[in-house]
Amino acid sequence: VLAAPTLASDEVVPTDGTPRPLVSVVVNEHAAYRNRFVGLVSARTETDLGFLLAGTLAERPVETGDLVKKGAVLARLDPEDLDADVRAAEAGVQVATAQLRAARDAESRARELLSRGTDSATRLEDAERGLTAAIATVEQARAALAQARDVRGFATLTAPQDGVVIETNAEAGASVTAGEAVVVLAGTETREITLDVIERDAAALSEGMMFDVTLAANPNVTAQASLRRIDPVAAASTRTRRVHLTLLDPPEGFRLGALVHITPATMARADIILDDSAILDPDGTPAVWTVTRAADGGTGTVHRTPVQLGDRFGPRVRVTGGISAGDEVITKGIHSLKEGQTVGPSVSQ
């Protein structure tokens, strides 16, 4: 619920002893927030995909707009040098294995000769050390082979999830560096709507708020969305906040990039929004002055009412508890009032 200002003016101080007039707002449930917005359907996750090593792009079998499944090949590097590294590592394993066989044979002969008394224990110890070194060399060669095969696998870029290719940044034959984005993939599992709103509109929105969404190209295609997040920092150039709405079981018509119209649903939770100037001690125990009026609506008395505050948006703040629809809240001259003070009617500008 937005606080609907009934009267606004600078503080007016009476000079004839009559109850002082005041400037107040009435929290009016009928002033529900019903602004209409325009947004875009987008993916919740957009991932820049590149290779973990530098090389020459051999092929890129996908184009912008292609739908891909998880594990699909998006691009490949020229594997010639990497294949050579794998072959060299395989040869290293074969050499180390042959050396291990020779070391085992030498250790067996030395042990046999020692048992016959025709050789020394020192010769056996040397053979055992040679066998230990050969075993370690084999393990090292196998690790080098595994690493070479892993690096060879890095030459193939695959999709980490189901999605749609929204951007391609390199063509076959181009040289790419490690980490350079070759393809940008937007996930299709969860779609959302993004829109930019001014601070005043952001103050009236809250997480979990429901919206009715209509496809701009076809008003008959509708869906509902829930407010997931409002960016905490405004854009530097426009001073607007980015709002993210999660689409709930949207029809196929809500494709990425589609333009939509967004309206808060009638069931949306209403919030009370006040100017900062109406809050007493906002950084300590926040409170507002509320007015209880006589039956004739003339004079009234003021009462300090503790409130709970939510997010702040520019000069306005969300009130999450303490006051309700229909309460009259004083917005100016709040620091010159006393508990139980008699006040007169609101004044206009």
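Looking at the range 111-129, is at least one residue of a type outside the set (S, T, N, Q) and touching a residue at least 40 places away in the same chain (Cβ under 8 Å)? Full working, then the answer.
First, pick out the residues of the range 111-129 that are of a type outside the set (S, T, N, Q): 111-114, 116-117, 119, 121, 123-129.
Still in the list and also touching a residue at least 40 places away in the same chain (Cβ under 8 Å): none.
Within the range 111-129 (the criterion being of a type outside the set (S, T, N, Q) and touching a residue at least 40 places away in the same chain (Cβ under 8 Å)), the answer is no, since none of the residues qualifies.
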Which of the residues spanning the range 82-94 are of a type outside the set (S, T, N, Q) and loosely packed, with under 14 Cβ neighbours inside 10 Å? D83, A84, R87, A88, A91
Can you say whether L131 is hydrophobic (A, V, I, L, M, F, W, C), in contact with a Leu (Cβ under 6 Å, 6 or more places away or on another chain) and in a helix (DSSP H, G or I), as far as the supplied structure shows? no
Filtering the range 234-254 for residues that are open to solvent by 30 Å² or more (accessible area, probe 1.4 Å) and closer than 15 Å to L205 by Cα leaves a count of 1
Unmet requirement for F211, which otherwise passes all of (1) buried (at least 18 other Cβ atoms within 10 Å of the Cβ); (2) more than 30 Å from V319 (Cα to Cα); (3) not basic (K, R): (2)
Taking the condition of being crowded, with 17+ Cβ neighbours inside 10 Å and assigned to a strand (DSSP E or B), how many residues in the range 168-183 meet it? 3
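Can you tell me which residue among A181, A202, A148, A216 is in contact with a helix residue (DSSP H, G or I) (Cβ under 7 Å, 6 or more places away or on another chain) and of a type in the set (G, A, S)?
Going through A181, A202, A148, A216 in turn, the sole match is A148.
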For P345, indicate whether it is surrounded by fewer than 17 Cβ atoms within 10 Å (Cβ to Cβ), farther than 24 Å from R200 by Cα and at pLDDT below 85. yes
Of all residues being of a type in the set (K, R) and part of a strand (DSSP E or B) in the range 205-247, which is farthest from the chain's Cα centre (by Cα)? Just the residue, please. R241
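Looking only at residues in the range 305-342 that are part of a loop (DSSP other than H, G, I, E, B) and among the hydroxyl-bearing types (S, T, Y), which one is modelled with the lowest pLDDT?
S324
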When both residues are 6+ apart or on different chains and their Cβ atoms are under 6 Å apart, which pairs have a first residue that lies in the range 167-183 and is within 25 Å of A43 (Cβ to Cβ), and a second that is open to solvent by 60 Å² or more (accessible area, probe 1.4 Å) and part of a strand (DSSP E or B)? A181/D48
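Which is without any contact (Cβ under 8 Å) to a residue 12 or more places away in the chain and open to solvent by less than 60 Å² (accessible area, probe 1.4 Å), of G298, G333, G284, G257?
G284
Going by the conditions given, is T122 outside any loop (DSSP other than H, G, I, E, B) and either open to solvent by 70 Å² or more (accessible area, probe 1.4 Å) or modelled with pLDDT of 90 or more (or both)?
Details: outside any loop (DSSP other than H, G, I, E, B): yes; either open to solvent by 70 Å² or more (accessible area, probe 1.4 Å) or modelled with pLDDT of 90 or more (or both): yes.
When the stated conditions are applied, T122 passes them.
Keeping to the range 129-140, report how many residues are in contact with an Asp or Glu (Cβ under 6 Å, 6 or more places away or on another chain) and open to solvent by 70 Å² or more (accessible area, probe 1.4 Å).
Residues of the range 129-140 that are in contact with an Asp or Glu (Cβ under 6 Å, 6 or more places away or on another chain), as a first pass: 131.
Now narrow it down to the ones that are open to solvent by 70 Å² or more (accessible area, probe 1.4 Å): none.
Final tally of qualifying residues: 0.
Output the residues belonging to the range 19-37 that are open to solvent by 70 Å² or more (accessible area, probe 1.4 Å) and at pLDDT 55 or above.
R34, R36
The values are calculated or read from the model by the stated rules, or taken from the named source; none is laboratory data. Note that the structure is a prediction, hence the values are computed from the model and not measured. Using ideal geometry, Cβ is built from the backbone for each residue, glycine included, and neighbour counts are taken over all protein chains shown. Protein only, heavy atoms only, side chains kept; ligands, DNA and RNA dropped before computing areas. Shrake-Rupley method; radii C 1.70, N 1.55, O 1.52, S 1.80 Å.
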